[in-house]
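These notes are about the structure you will find just below.
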Amino acid sequence: MQIARLSDLADPHACPRLVVKVGSSLLVGHDGPRHAWLTGLVAEIAAARARGQEVIIVSSGAIALGASRLGFDKGGRGSLADAQAAASVGQIALSALWAGLLEAHGLVAAQLLLTLEDLEDRRRYLNATATLTRLLDAGAVPVINENDSVATQEIRFGDNDRLAARVAQAARAQAVLLLSDVDGLYDRNPRDPAAKLMPEVHGVTAEIHAMATGESASGMGSGGMTSKLQAAEIAERAGIALVIANGTPDAPIARALDQGVGTLFLPRRKAGARKAWLGGRLRLKGALVVDRGAAQALQKGSSLLAKGIAAVEGDFQRGDALAIRDATGTTLAHGLSEYDADECRRLIGTHSNEQAAILGYAPRSAMVHRDQLVLL
Ligand code: GLU
């Protein structure tokens, strides 16, 4: 059974495994955690469990909570050092909060702190999958956040929206519910009175991207609509439904799912698990810029040959993940390189019968083999 409407997220047959992401501004008020609201949300999570759904929580709020305890200004986001120190203080409080609230419903909380690298490295990704599966089988409720205290700027997810989509993929969940401080995606700036809420999105196209503005409405989280759309793209490719809904009202899950207020991003195509993981990668080691002929061949399912490469960017090794772009800078695909960057540069524009002489060994069949490539 596929997810086709918002109410399906509450259906244990259509959605046996659900990821719920809670943003910082919902969790933390001016004077600390918003206990009453959180108690209501946890009651809804317990109700989902009681109807037979497994739930994974992705919780932001460590930085905001820590900043309020330490008296840091700018919500703890004044510098990377502030954010990391605030996250250390906030995370321990955040865990205690979730554990206590879940415990009141007889549910066991399990904490996982992940960095981008944990989900981008294939082996660590599979480890995270195994741990999540075991926890869910054992009846625990995983509560996940980014490991902000150790992640440096370039290895941070930067927002928990994409983390939630990646976690859903690792956990093989059917849907992600992003609870935010807006009702969903609007067709234009929501401050414009003519703006309309989009109930459903079939494919995150350039037109859909154009509807989003980057800022986070609360200024507390780091997300904003742009990162939610990136999360929707990751989910879509992995065959996972994603919903953006307003977490501000009491009982927000029921409001979104029963009353149908929110934006549902339907999964468009289901790539195989490995290709979906590759397509959702956020950290790439370099890029291959291709000509028009190669771009067309890729769309038809061909491998990428050296002949169609116009430029090589970055310093990478054989087996590293690369972006494949056209001359306008549009990313067409992600793929694993068959060669290291220097070899790629030497092979630009060559035919396979010229390559053995350049390389000094028998060439591989392609620069990026179609089995190691996913179109975006
Ligand atoms: N991981 C951050 C925290 O717990 C929040 C990231 C975000 O803004 O979504 O504070």
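The values are calculated or read from the model by the stated rules, or taken from the named source; none is laboratory data. Owing to the predicted nature of the structure, the values given are computational and were not obtained by experimental measurement. Because the Cβ atoms are built from the backbone with ideal geometry, glycine has one as well, and the counts that use them run over all protein chains shown. Side chains are part of the model used for accessible areas, which takes the heavy atoms of the whole protein and leaves out ligands, DNA and RNA. Shrake-Rupley method; radii C 1.70, N 1.55, O 1.52, S 1.80 Å.
Assigning unit charges at the beta carbon (Lys, Arg +1; Asp, Glu -1) and nothing else, what dipole magnitude in debye, to the nearest 20, does the chain show about its Cα centre?
Details: 40 positive and 40 negative charges, 171 e Å.
Dipole about the Cα centre, nearest 20: 820 debye.
Positive end of the dipole of the chain, charges at C-beta (+1 Lys, Arg; -1 Asp, Glu), about the Cα centre: which of S25, H351, L94 has its Cα farthest in that direction?
My answer, from the dipole projection, is H351.
Using only alpha carbon pairs under 8 Å that are at least six residues apart, calculate the relative contact order of region 283-331 and give it in whole percent. Walk me through the numbers before you get to the answer.
Working: 71 pairs, mean separation 26.8, N = 49.
Once divided by the residue count of region 283-331, the mean separation gives 55 percent.
Can you list the equivalent-ellipsoid semi-axes of the chain, largest first and in whole Å, using the square root of 5 times each Cα gyration tensor eigenvalue? Could the numbers behind the result be given before it?
Numbers: eigenvalues 302, 97, 81 Å².
Equivalent ellipsoid of the chain: 39, 22, 20 Å, largest first.
With viscosity set to 0.692 mPa s and temperature to 37 °C, compute the Stokes-Einstein D of region 1-104, Rh being the Kirkwood radius across alpha carbon pairs; µm²/s, no decimals.
Values: Rh = 14.8 Å.
Translational D for this selection: 221 µm²/s.
Calculate how large, on average over all directions, the projected area of the Cα convex hull of region 254-376 is; give the answer in nm² to one decimal. All intermediate terms of the calculation are to be shown ahead of the outcome.
Numbers: hull surface 36.7 nm².
That works out to 9.2 nm², a quarter of the Cα hull's surface.
Per the 1.4 Å probe, what fraction of the accessible area of region 266-321, in percent, lies on carbon and sulfur atoms?
On the way: 1440 of 2910 Å².
Roughly 49 percent, rounded to a whole number.
Using a cut-off of 17 Å between alpha-carbon atoms, which aspartates and glutamates can reach K307, once sequence neighbours fewer than 8 places away in the same chain are excluded?
D291, D326, E338, D340, D342, E343, E354
With every protein chain present, what is the per residue accessible area of region 256-349 (1.4 Å probe, Å²)?
Values: 4320 Å² over 94 residues.
Ligands and nucleic acids excluded, the result is 46 Å² per residue.
What is the calculated FRET efficiency for D258 to A195, with r their C-beta to C-beta distance and R₀ = 35 Å, to the nearest 0.05?
Step by step, r from the Cβ atoms, then E = 0.90.
Regarding region 141-285, what are the three Cα extents along the principal axes, ordered largest first, in Å?
Here the Cα extents, ordered largest to smallest, are 43, 34, 33 Å.
Report, in debye and to the nearest 20, how large the dipole of region 313-356 comes out about its Cα centre when Lys and Arg carry +1 and Asp and Glu carry -1 on their Cβ. Mind dumping the intermediate values first?
Details: 4 positive and 9 negative charges, 22 e Å.
My answer is approximately 100 debye.
Taking 0.36 nm per intervening residue step and subtracting the Cα-Cα distance, what contour gain separates T331 from D315 on full extension? Intermediate results must be reported in sequence, preceding the final value.
On the way: separation 16, 0.36 × 16 = 5.76 nm, distance 1.81 nm.
Full-extension gain reported as 4.0 nm.
Would you mind checking region 21-63 for residues with the amide N under 19 Å from a putative spin-label position 7 Å along Cα→C-beta of D73?
30-31
Strictly over 29 Å apart at the Cα level, which of K74/K228; K196/K300; K74/K275 would you flag in this model?
Working: K74/K228 22 Å; K196/K300 37 Å; K74/K275 39 Å.
Correct reply: K196/K300; K74/K275.
Taking the alpha-carbon distance from K21 and a cut-off under 13 Å, which aspartates and glutamates remain once sequence neighbours fewer than 8 residues away in the same chain are dropped?
Excluding near neighbours in sequence, the set is E146, D159, D161, D181.
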